Every structure is written in C-alpha cells, then in structure tokens.
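Following: one structure in structure tokens, then a few remarks.
No value in this document is a laboratory result; all are computed from the given coordinates. Bear in mind that the values here come from a model prediction, so they are computed numbers and not experimental data. Note that we place each Cβ from the backbone using ideal geometry, even for glycine, and neighbour counts take in every protein chain shown.
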Amino acid sequence: MTDHPARKPDQAKLLVALQDLDHMIRDAEDAKTAAKMQEMGFPMDGIAEIKKARTELTEHIKPQLLNRYQRVSQNYERIVVPVVKDLCTGCFAKVATSFRYEKNSVVTCESCGRILYFT
Amino acid sequence: MMTSQELASYFRESLCIFDLKAASKREALAEMVDVVCSEHDIKDRGLILEMLLNRESLGSTAIGKGVAFPHGRTLAVRDLSIAFARSVRGVDFDSTDKKPTHAFFLIIAPPQDRDNVYLQVLGRVVDLIKDDASRDRVVGASGYAELKTIIEGQGL
C-alpha cells in the first residue's frame, strides 16, 4: 500500500493512525454504537481484521513511544491531540511555537502529557 | 434533530465528483480523499485513506442497491466533511448484494466531536438513500445543483 504511514519514518503519524484504529475498535466493541451501525445496515464482523492491522502497525512504532502512548491512555481517552492556534486541544495549554519545527520528533504537551499532532 | 437544510449544508460543489474514474475500491476512496484534502488543505492524505481502508476491513460500507457510505473518524481532519461521488460504470466495493456501486457518500470526521454530529449525519444520509425514489434521483442527478435540491427537499 503506497500510502501506508508505516512506510514513512514519521512516528507521530503512526501514533495518529494507532489512535484512529483504537477508536474504531472501541466503537465496534461498544454495544450501543455497534447496534446503531448495524441498524443502518453496516456489517461489523471484521473486528479481528482491524485488531490484526493494529498489531502490524505497532511493530513499526518505537517501543518507547508505544509505552508513552499506553501510559497516556491510562489517563485520557484522547491520547494524541491536534495543536490548534498553538494550543493543546486536550488541556488548552499554550504550546511553544518552536515545537512545530522539531522534525522527526514526537512532542508531548508540557502541561497534560498528551502527544501533540501538528496539522 | 438535524434538518434536511442542515444536512445539505455539508454538501459542497468542490466535494462532488460526478464522473468518478476509479476502477477499484482503493482507487475510489483515494479519488474522494483527494478532493477532501484539496478542499480543506489537509496534508496527511495517507492517514485518511488508511483509516477508511481499515474501516472497510471491519465491514463493507457498500450496503447494496448501488450505494456505499465509506466513513470514519481520524485526527487528520479538522472538521466533518462529506464528499459525494458517482461512477457511471460502477465499482466493485464488496457490496453486500455483490452488485457494482455507483454512488458514494464519503463521511469523515475528527474524533473530537462531542455532540456526535458524525453519527447523526451518517444516519440522515443513510435514511435519505433508503428511500428508493430518493436514491434513484440521487444516482441520476446531473450535477451539484440537482443533488443539493434533492437533499434539501427531503423534509427529513
């Protein structure tokens, strides 16, 4: 797959993809959401497939970052959050503008510890 | 409850493709994601495409009668966005009725959607298309103005 973020060295993007997958798994396993989806006509029987995709994705993430992701997930539902107008959208603390230019590094909010995603 | 006017407000001309070129599921998704990224100046196209392909692995969003609703949430988008596409020749989208898919409603939203507008929008679009007459009109729409008139006029 040419667009698979795992082929790029950008670890922040991999963490975003991981969170997207985790949200998808959570929705699929949530009885209320799954019932709503099935009522609309959407089959939801491929949960094993996306769990497999999650495992494959984590193999491309550096262990220390994966640990950080898991650690933050113990405190927050949203682990990776976008930075909007130089604010962490998890806790709304100011994010240093210089962080945006730290290429190939994963930046966390100094206030809440969430992983930051610069859109 | 979301009105048909509110639903119609999500449809933009620049996010509608009336002559989808794609011949496969992946190509169809990529073509639609391209217009969304272009319209909203989104840099991480790959993240959106990956999320949509994963969502299709969970279960096909082509629920028969020539229509598909690829959808999902990703941090790569800032706001809820709907793209519409129509393929005259049809695309094999793993539809539940095994038939080619001709009309696509792509719905993507950020995870930070407190009011769950995403699910409301998805539900409204599915409701619209479940009606045979509306579906036929949407699939046969000649352009954006007609499509928007159909959606606005549903009185949903």
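Can you give the log10 of the normalised intensity I(q)/I(0) at q = 0.12, 0.17 Å⁻¹, computed with Debye over equal Cα scatterers of chain A? After summing over all Cα pairs, the log10 values are -0.50, -0.91.
Which of the helices in chain A meet the span-like rule: DSSP H, Cα axial reach of 18 Å or more, Kyte-Doolittle mean at least -1.0?
Working: long enough: A:11-29 (27 Å, -0.07).
Counting only whole DSSP H runs, the qualifying helices are A:11-29.
Highest average first, the peptides A:59-70, B:12-23, B:27-38, B:101-112 ordered by how many other beta carbon atoms sit within 10 Å of their residues are B:101-112, B:27-38, B:12-23, A:59-70.
Other chains near B:73-80: what is the mean number of their Cβ atoms within 10 Å of each residue's Cβ?
Numbers: counts 5, 7, 15, 8, 2, 3, 0, 0.
Rounded to a whole number, the mean comes out at 5.
With a 10 Å cut-off around each Cβ of B:4-15, the average count of Cβ atoms from other chains is 0.
Report the per residue volume, in Å³, of the convex hull enclosing the C-alpha atoms of the range B:1-87.
Expressed per residue, the convex hull around the Cα atoms of the range B:1-87 is 119 Å³.
Of all lysines in the structure, those lying under 29 Å Cα to Cα from B:K148, and not within fewer than 8 positions of it along the same chain, are A:K36, B:K21, B:K25, B:K43, B:K65, B:K98, B:K99, B:K130. Beta-bridge orientation, the range B:31-156: approximately 60 percent antiparallel, per DSSP, counting only bridges with both partners inside.
For peptide A:36-47, compute the average count of partner chain beta-carbon atoms within 10 Å of each residue's beta-carbon.
Values: counts 4, 8, 1, 2, 11, 11, 12, 7, 2, 2, 7, 3.
Mean partner shielding for this stretch: 6.
When restricted to Cα atoms, the protein assembly as shown yields an Rg and a Dmax of 18.9, 55 Å, respectively.
For the pair the range A:15-50 / the range A:53-103, the C-alpha centres are spaced 22 Å from each other.
With N residues in chain B, what two-decimal value do you get for its Cα radius of gyration over 2.2 N^0.38 Å? If you can, show how the numbers build up before the last one.
Numbers: Rg = 14.2 Å, N = 156, 2.2 N^0.38 = 15.0 Å.
In units of the 2.2 N^0.38 Å rule of thumb, it is 0.95.
Note: the range B:80-156, Cα convex hull, 108 Å³ per residue. Absence of a disulfide-compatible partner, taken as no other cysteine beta carbon within less than 4.7 angstrom, is noted in the protein assembly as shown for B:C16, B:C37. Taking every alpha-carbon pair in the range B:27-75 and binning the separations at 10 Å intervals from zero gives 25, 56, 19, 1 percent.
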